Amino acid sequence: MSTSNLPKQITNPPPPVPHTDISFPAPHVLLVTLNRPKALNSIPIPQHIAMTQLWNWFDSQPWLRCAILTGTGRAFCAGADLKEWDSSHAPHGDGSHEQHVRERRMTAAGFGGVSNRSGGKKPIIAAVNGLCFGGGMEMVINCDIVLADGAKARFGLPEVGKGVVALAGALPRLIKTVGRQRASEMALMGRVSYTPEEMKQWGLVNFVVEEGKVVGEAVKVAEEIAGNSPDAVIASKEGLRLGWEGVGPEMATDVLERGMYGRIDAGENMREGVRSFVEKRKPRWVDSKL
């Protein structure tokens, strides 16, 4: 992890996060930059846990009022590390698969500590600089404000084509944001070609900006938020959350994971989907036993 220019108002340094740069581009603003460009900023299991701790640290710092999440290189975040996933879902007799399942469930806040995080006090802005697929898309769906590079950003939930499920909180949140038919299109067809303008029309993106300017514009939005009463912003965010989630996505995600998803986790089609992606070939599905 790289941390630059720690402001004197910060009471203690941020926790270490692998493959991540931390900076403070303006007063009261935290910038979190995923920095694993060769892997399209895909996030492995240890990084989810570390990022959850980072967002908790962000909430604990009175001086910080707004955060921005972005990526380096071609991608914002291409999702899970499927090579790691392929290894963790291979059949083992030594209990290692069960250990990986327990590790995934340790991250109740979801992908990157964001996608299923409902109790966060302060706003998080997504500055989508490039490819935004799978878990990256799940994070965006649960961010408070989203800016996208009009030339480079692309969105999608390709999980079903890999034999897996967007299980990090996106599905119940997505349907409330864009409606049943649009959410079904994204979740069931697995396309990865949605443009920033399409996502703006659907209500998932607030601002489409010029190429290369998404972080700078996100800082301006963060400064505008930080210029308001921090107490009023926190209370307003909570009011919005209560209206949007109701009994909500956390419970829905838990029911899905413990129910239907539990019946396919590490099953034949899931292993085949991820393995075929890693081996760069077309998957050979078997008929469902659900």
For the table K152/K237; K38/K162; K122/K220; K8/K122; K162/K237, the rows whose alpha-carbon distance is greater than 24 Å are K152/K237; K162/K237
Using 0.36 nm per residue of separation minus the Cα-Cα distance, give me the extension gain between E210 and K8 in nm, one decimal. 69.4 nm
Sticking with the crude label model, points 7 Å out along Cα→Cβ, report the distance from E224 to Q181 in nm, one decimal please. 3.2
Using only Cα positions of the stretch 150-231, each an equal point scatterer, no hydration layer, compute I(q)/I(0) via Debye at q = 0.25 Å⁻¹ and quote the log10 values to two decimals. -1.15
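Only the coordinates and a few stated rules stand behind these numbers; no lab work does. Treat the numbers as computed from the prediction; the structure is a model and nothing was measured. A quick note on method: Cβ atoms are made from the backbone with ideal geometry, for glycine too, and the neighbour counts reach across all protein chains shown.
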